[in-house]
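A.B. asks: First the structure, then my questions, so here it is.
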Amino acid sequence: KLRTAMRAEISRLHKRLQTTFVYVTHDQTEAMTMGDRIVVMKDGIIQQNDAPQVLYDYPCNLFVAGFIGSPQMNFLDAVIAKQGDGYVAQVCGTAVALPARMNDAVAPYVGKTVVMGIRPEDVIAADDGQGAENGITSTVEIAELMGAEISLHVDCQGNRMVIRTDPTFKGREGDTAILTFKNEKIHLFDKETEQAIAH
């Protein structure tokens, strides 16, 4: 409670004084809510320096992607394959279509394993039986009702994911959930360098 009140107080002070503030924190929520620009550092080295929304939407590497956002971005191993005029990522036994804007970036990775990133709010969960076409079958481990949303912890062939879903979702522990990704929100990272391939 005190930290939340302090965030608001510092923000008011910043607006009133109209001067540059440098605020150091390990709390990404503080950084996102208070900063006009965020410098993300790891081991004393700057990873990315950008506006909060740019960091969130276009993280430059796995570290930034995992640091910004709560719950953090889900990471899954995926194999890139050519399909027709476009490309797909084979993940959890399902071919997930990649946006056409990624074509040039992913072409050199055909047949290789990359890391796919997808944020919890960019995964759609359907109750088993509602059957989303080309959906990924997963098992619900925990369903945390948060009031306005459900924080769903699922297992997809050994891959654990956290999903933010609507409170109307009926699945509970042990039930099956069919997952589909918002394709435009997929992130891909090089498995060795951990640098972003495409957003």
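A.B. asks: Which one is modelled with the highest pLDDT, of the residues in segment 29-62 that are of a type in the set (S, T, N, Q) and farther than 20 Å from residue 195 by Cβ?
C.D. replies: Residue satisfying both the conditions and the ranking: 53.
A.B. asks: Another question, then. What number of residues within segment 173-196 are within 14 Å of residue 60 (Cα to Cα), hydrophobic (A, V, I, L, M, F, W, C) and open to solvent by less than 30 Å² (accessible area, probe 1.4 Å)?
C.D. replies: Here the count works out to 3.
A.B. asks: Let me ask you something else. Residue 126 passes all but one of (1) surrounded by 15 or more Cβ atoms within 10 Å (Cβ to Cβ); (2) at pLDDT 95 or above; which number fails?
C.D. replies: Only one criterion in (1) surrounded by 15 or more Cβ atoms within 10 Å (Cβ to Cβ); (2) at pLDDT 95 or above is unmet by residue 126, namely (2).
A.B. asks: Please determine whether any residue of segment 94-114 is in contact (Cβ under 8 Å) with a residue 60 or more places away in the chain, among the hydrophobic types (A, V, I, L, M, F, W, C), part of a strand (DSSP E or B) and surrounded by fewer than 18 Cβ atoms within 10 Å (Cβ to Cβ).
C.D. replies: Looking for residues that are in contact (Cβ under 8 Å) with a residue 60 or more places away in the chain, among the hydrophobic types (A, V, I, L, M, F, W, C), part of a strand (DSSP E or B) and surrounded by fewer than 18 Cβ atoms within 10 Å (Cβ to Cβ), one finds at least one in segment 94-114, hence yes.
The values are calculated or read from the model by the stated rules, or taken from the named source; none is laboratory data. As the structure is a computational prediction, the values presented were derived from the model and not from experiment. With ideal geometry, Cβ positions are generated from the backbone for all residues, glycine too; neighbour counts draw on all protein chains shown. Quick note on the areas: whole protein, heavy atoms, side chains included, nothing else; ligands and nucleic acids left out. Shrake-Rupley method; radii C 1.70, N 1.55, O 1.52, S 1.80 Å.
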